[in-house]
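Peer 1: Sharing a structure with you now.
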Amino acid sequence: MSYKIPMGPYHPALEEPYKLDLICEGETVRDAKLHIGFNFRGIEHLAETRNYIQVIALMERVCGICSNIHTLTLCQSMEQLTGLTPPPRALYIRVVVAELERLHSHVLWAGIAAKLMGFKTMFMTCFELREKVMDVLQAISGNRVNYSMNRIGGVNRDIDDPLAVLAMVQALEREMVRTVIPIFTTSSTARSRCAGIGILTREKALSCGVVGPTARASGLPQDLRRDAPYAAYSEMEFNVPVQPDGDVRARLLVRALEIMESCKILRQALTKMPPGEINTGDAKIVFAAGTATSRVEAPRGEVMYSVSWKQDAKNPSRVHVRTPTFANMPSVRWMVLGARLADTPLIQASIDPCYSCTDR
Amino acid sequence: MNLWNRLMCFSRRRSPWLFHMNSGSCNGCDIELIASLTPRYDAEQLGVRLEGSPRHADILCITGPVTRNSVQAIKTVYGQVCGPKAVVAIGSCPATTNVFIDSRTLDGPLNRHLPVDVFVPGCPPRPDAIIQGIAAAAGILAERAAKRWPAESVMVPMADPESACDCTKCDCTKEDKSSADTPAREVQP
């Protein structure tokens with residue numbers, strides 16, 4: 001006999017309000033239904049009432065973890081409409097900030113995953129590590145969360161001393177190799193909670209259309225930074241870590257290896273950063289009528305923006321956002337089938353869900 | 001104040017337990033709240049603890065601009081926190097609805113629904129500011145612990161009937177509005 005266990009919308013295992021209805025037989029989950037919409041702020045509608053300066057500040061607040069990615073994608077699509085090209089130094093600064101954001105997001109996720117495993121020491125270690133990244137982000141942008149770095153035609157702030165950031169990159173890399181990766185891969189606590197649970201096979205991943213680390217952990221080698229390079233990614237050398245297993249451990253490993261790759265990209269971007277202007281100046285911006293789309297690899301996967309502008313309009317006529325969690329969300333159902341009830345909080349967190357992005 | 005009350009005040013001030021609630025926030029304030037409890041800022045050494053259940057908590061930390069979908073949940077959870085209790089609104093969103101002002105899917109700001117004790121403004125506020133806000137709320141909690149928890153404190157003030165009803169579009173008179181809207185409503189725990 002099956003029974004339904006509602007999880008959420010306000011549940012200690014969930015970072016954000018959403019509801020998971022689990023249909024169980026004994027301890028085994030037979031089906032799951034996801035209810036979202038608690039974070040719906042109507043941002044896409046609000047964007048149609050804001051001008052091109054205000055809309056950047058508004059879209060930055062779609063998500064507090066990947067705030068830079070949203071402005072980067074929006075600015076890239078608005079640059080297509082205005083015909084402005086950012087100078088090379090601005091592209092490098094965009095890469096640096098995007099990679100720093102990926103670092104802090106992945107370390108944060110590792111912390112939350114450790115907490116859901118019941119491994120609170122690791123949670124604290126990860127958050128301490130994350131503060132190193134936050135220090136650098138604060139030194140560059142002046143804020144810990146909403147960096148407001150991007151503008152149409154470049155970035156707002158320069159990185160005065162790129163080599164000072166390298167010290168943080170080295171310290172982070174050392175700590176990852178010395179503590180975080182060995183503990184997550186070899187400790188029996190982490191292994192017994194992660195290995196073999198929440199499996200998403202390659203075929204299922206393809207049919208669900210998952211993106212980002214969730215796809216790469218199911219053996220799909222996709223990464224927009226390599227496949228469709230934006231900003232200065234075409235000048236960087238890096239690998240795309242892929243794991244074939246498709247379980248929670250694979251997702252953990254992919255993110256841990258991505259942290260190492262991000263460090264590699266940061267080191268190249270900081271040493272190769274060309275001198276020059278950081279934006280195209282304060283001249284009046286004229287928008288061409290039409291629609292422009294832009295895709296960016298966010299920490300959670302692919303983000304797509306589609307911005308439409310009418311002739312001589314002050315405000316965009318449509319700003320459409322497609323977030324990675326929207327693509328990854330349906331795969332949770334296939335991951336929890338047959339899983340134990342106690343494993344479901346970790347399984348649903350393993351896609352690194354961000355429902356404030358998805359609901360908007 | 002007798003010895004028992006003094007002891008209660010001391011313990012309320014020294015170990016405020018939090019329940020964190022996201023009413024449509026962008027995660028920025030939520031992560032900063034968690035960051036304020038972790039080793040760098042370490043509010044846990046002050047006895048602050050994040051609890052999983054509102055029934056164990058003293059202070060309700062609310063982030064976000066209060067979406068329509070979360071209003072009822074906020075009121076329910078507020079009713080579930082045992083008295084004496086305090087409410088801390090973290091971020092600019094619960095204070096003013098921030099950049100989301102004019103959105104039709106919001107029912108904010110927060111003080112239309114709950115009596116807020118401490119506002120911590122900022123987008124998002126720094127962890128230092130959040131800790132200061134929690135410390136202020138712990139002081140308020142200790143004051144409340146000194147008194148008997150009054151029954152009317154669990155009453156939730158309704159929104160001002162003047163602002164709730166747009167008189168340019170509806171033809172109701174003032175008497176109608178005041179009779180239709182009771183000034184306070186009790187929250188079912």
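Peer 1: Using Cα atoms only, what is the angle between the long axis of helix A:88-117 and the major principal axis of chain A, expressed in degrees (0 to 90) to the nearest 10?
Peer 2: That helix lies at roughly 20 degrees to the long axis.
Peer 1: Can you tell which of B:P124, A:P241, B:L18 lies farthest toward the positive end of the dipole of the protein assembly as shown, using +1 and -1 charges on the Cβ of basic and acidic side chains (Lys, Arg; Asp, Glu)?
Peer 2: My answer, from the dipole projection, is B:L18.
Peer 1: Name the shape class, rounded, prolate or oblate, that the alpha-carbon gyration tensor gives for chain A, where a ≥ b ≥ c are the square roots of its eigenvalues, rounded holds for a/c under 1.5, and otherwise prolate holds if a/b is larger than b/c and oblate otherwise.
Peer 2: Numbers: a/c = 2.07, a/b = 1.37, b/c = 1.51.
In terms of gyration-tensor shape, oblate.
Peer 1: Which of the residue pairs A:K284/A:K314; A:K115/B:K75; A:K33/B:K75; A:K115/A:K204; A:K4/A:K33; A:K33/A:K120 have a Cα-Cα distance greater than 22 Å in the structure shown?
Peer 2: Numbers: A:K284/A:K314 12 Å; A:K115/B:K75 28 Å; A:K33/B:K75 25 Å; A:K115/A:K204 28 Å; A:K4/A:K33 10 Å; A:K33/A:K120 29 Å.
Listed pairs above 22 Å: A:K115/B:K75; A:K33/B:K75; A:K115/A:K204; A:K33/A:K120.
Peer 1: Another question, if that's okay. Considering the options A:I197, A:M59, A:L72, tell which one lies farthest towards the positive end of the dipole of the stretch A:53-328, charges being +1 on Lys and Arg and -1 on Asp and Glu at the Cβ, about the Cα centre.
Peer 2: Of A:I197, A:M59, A:L72, it is A:I197.
Peer 1: Could you put A:H35, B:H20 in order, starting from the residue whose Cβ has the fewest other Cβ atoms within 10 Å? Working shown, then result.
Peer 2: On the way: A:H35 14, B:H20 25.
So the residues, fewest neighbours to most, are A:H35, B:H20.
Peer 1: Mind listing the long-range amide H neighbours of A:M7? Cut-off is under 5 Å, sequence gap 5 or more, other chains count too, H placed in the peptide plane at 1.01 Å from N.
Peer 2: Those lying under 5 Å, H to H, from A:M7 are A:L20, A:D21, A:L22.
Peer 1: Using only Cα atoms, locate the centre of the stretch B:1-61 and the centre of the stretch A:337-360, then give the distance between them in Å, rounded to an integer.
Peer 2: First find each Cα centre; the distance between them is then 26 Å.
Peer 1: Which whole-Hz couplings ³J(HN,Hα) result when phi for each residue of the stretch B:50-65 is put into the Karplus expression 6.51 cos²θ - 1.76 cosθ + 1.60, θ = phi - 60°, listed in order with x for Gly and Pro?
Peer 2: With the stated coefficients, the stretch B:50-65 comes to 8, 9, x, 10, x, 6, 8, 9, 10, 10, 9, 9, 10, 10, x, x Hz.
Peer 1: Which value at 222 nm does chain A reach when only helices count, each DSSP H run of 4 or more adding -39,500 (n - 2.57), with the total divided by all residues and rounded to the nearest 500 deg cm²/dmol? Intermediate results must be reported in sequence, preceding the final value.
Peer 2: Working: 16 runs with 171 residues, N = 360.
About -14500 deg cm²/dmol.
Peer 1: Let me ask you something else. Pull up all non-local amide H partners of B:N27: gap of 5 or more, or a different chain, and H-to-H distance under 5 Å with H placed in the peptide plane.
Peer 2: Long-range HN contacts for B:N27: A:G64.
Peer 1: Suppose the Debye formula is applied to equal point scatterers at every Cα of the stretch B:3-157; what is log10 I(q)/I(0) at q = 0.09, 0.19 Å⁻¹?
Peer 2: Taken in order of the listed q values, log10 I(q)/I(0) reads -0.26, -1.14.
Peer 1: Among the trypsin sites (Lys or Arg not before Pro) in the stretch A:292-356, which ones are in a DSSP loop with at most 12 other Cβ atoms within 10 Å of the Cβ? Mind listing them? The partial results should precede the final answer.
Peer 2: Values: sites: A:R295, A:R300, A:K310, A:K314, A:R318, A:R322, A:R333, A:R340; in loops: A:R300, A:K310, A:K314.
Sites meeting the loop and neighbour criteria: A:K314.
Peer 1: Work out the length of the dipole vector of the stretch B:3-157 about its Cα centre, built from +1 on the beta-carbon of each Lys and Arg and -1 on the beta-carbon of each Asp and Glu, and round it to the nearest 20 debye. Don't jump to the answer; show the numbers that get you there.
Peer 2: On the way: 16 positive and 12 negative charges, 97 e Å.
The dipole of the stretch B:3-157 has a size of about 460 debye.
Peer 1: Given the C-alpha centroids of the stretch A:208-240 and the stretch A:308-335, what is the distance between them in whole angstrom?
Peer 2: Centre-to-centre distance over Cα atoms comes out at 19 Å.
Peer 1: Still on this model: Using the 4.7 Å Cβ rule, please list in number order the cysteines from chain A without any candidate partner.
Peer 2: Those would be A:C24, A:C66, A:C75, A:C126, A:C194, A:C208, A:C263, since no other cysteine Cβ in chain A comes under 4.7 Å of theirs.
Peer 1: Please state the charge dipole magnitude for the protein assembly as shown, taken about the Cα centre, from unit charges on C-beta atoms (+1 on K and R, -1 on D and E), reported in debye and rounded to the nearest 20.
Peer 2: Numbers: 62 positive and 57 negative charges, 158 e Å.
Charge dipole of the protein assembly as shown: 760 debye, to the nearest 20.
Peer 1: Based only on other Cβ atoms within 10 Å, what is the fewest-to-most ordering of B:S15, B:S25, B:S92? Write down the numbers at each step before the final one.
Peer 2: Values: B:S15 13, B:S25 32, B:S92 22.
In increasing order of surrounding Cβ atoms, one gets B:S15, B:S92, B:S25.
Peer 1: Oh, and also: Once both axes come from the Cα atoms, what is the angle between helix A:248-272 and the longest principal axis of chain A, in degrees from 0 to 90, rounded to 10?
Peer 2: Value to nearest ten degrees: 20.
Peer 1: While we're looking at this one, here's another question. Tell me, what is the FRET efficiency for A:Q311 and B:N5 to the nearest 0.05, using R0 = 56 angstrom and their Cβ-Cβ distance as r?
Peer 2: Details: r = 71 Å, r/R0 = 1.27.
It comes to 0.20.
Peer 1: Still on this structure, please answer the following. Could you give each residue of the stretch A:225-233 its phi-based ³J(HN,Hα) in whole Hz, using Karplus coefficients 6.51, -1.76, 1.60 with θ = phi - 60°, and x for Gly or Pro?
Peer 2: Calculated HN-Hα couplings, in order: 4, 9, 7, 9, x, 10, 6, 10, 5 Hz.
Peer 1: Could I ask something else about it? The stretch A:19-42 to the stretch A:90-159: how many Å between their Cα centroids?
Peer 2: Result: 30 Å between the Cα centres.
Peer 1: Relative contact order (percent) for chain A, with alpha-carbon contacts under 8 angstrom and 6 or more residues of separation? All intermediate terms of the calculation are to be shown ahead of the outcome.
Peer 2: Working: 682 pairs, mean separation 93.1, N = 360.
Rounded, it is 26 percent for chain A.
Peer 1: Let me ask something else about it. Could you work out the Rg to Rh ratio of the stretch A:190-320, with Rh taken as the Kirkwood radius (inverse of the mean 1/r over all Cα pairs)? Write down the numbers at each step before the final one.
Peer 2: Details: Rg = 19.2 Å, Rh = 17.5 Å.
Here the Rg-to-Rh quotient is 1.10.
Peer 1: With a ≥ b ≥ c taken as the square roots of the eigenvalues of the C-alpha gyration tensor of the stretch A:58-149, please select rounded if a/c is under 1.5 and otherwise prolate if a/b is larger than b/c or oblate if it is not?
Peer 2: Details: a/c = 2.99, a/b = 2.22, b/c = 1.35.
Verdict is prolate for the stretch A:58-149.
Peer 1: Provide Rg and Dmax in Å for the stretch A:186-252, with only Cα atoms included in the calculation.
Peer 2: For the stretch A:186-252, the Cα-based Rg and Dmax read 13.9, 41 Å.
Peer 1: Can you tell me the dipole magnitude for the stretch A:53-328 around its Cα centre, using point charges on the Cβ only (Lys, Arg +1; Asp, Glu -1), in Debye to the nearest 20?
Peer 2: Working: 33 positive and 26 negative charges, 146 e Å.
Using Cβ point charges on Lys, Arg, Asp and Glu, the stretch A:53-328 gives about 700 debye.
Peer 1: Please list, in order along the stretch A:168-184, the HN-Hα scalar couplings obtained from phi with the Karplus expression 6.51 cos²θ - 1.76 cosθ + 1.60 (θ = phi - 60°), rounded to whole Hz, x for Gly and Pro.
Peer 2: 5, 4, 5, 4, 5, 4, 4, 5, 5, 5, 7, 10, 5, 5, x, 5, 5
Peer 1: Follow-up question, since we're still on this one. Out of A:A47, A:M7, A:L20, whose Cα points farthest toward the positive end of the dipole of the stretch A:5-88 (charges: +1 Lys, Arg; -1 Asp, Glu; placed on Cβ)?
Peer 2: Toward the positive end, the furthest listed residue is A:A47.
Peer 1: When a footprinting reagent is the concern and you count Cβ atoms within 10 Å, what order do B:W17, A:W334 take, fewest first? List each step's numbers first, then the result.
Peer 2: Working: B:W17 15, A:W334 18.
Ranked by crowding around the Cβ, least crowded first: B:W17, A:W334.
Peer 1: Quantify how strongly other chains surround peptide B:96-103 by giving the mean number of their Cβ atoms within 10 Å of each of its Cβ atoms. Could you put the intermediate results ahead of the total?
Peer 2: Details: counts 0, 1, 4, 11, 6, 1, 5, 7.
Average neighbour count from other chains, rounded to a whole number: 4.
Read-outs: derived from the displayed coordinates by stated rules, not from any lab. All figures in this text were calculated on a predicted structure; none of them were measured in a lab. Quick reminder, even Gly has a Cβ in these numbers, built from the backbone with ideal geometry, and neighbours come from all protein chains shown.
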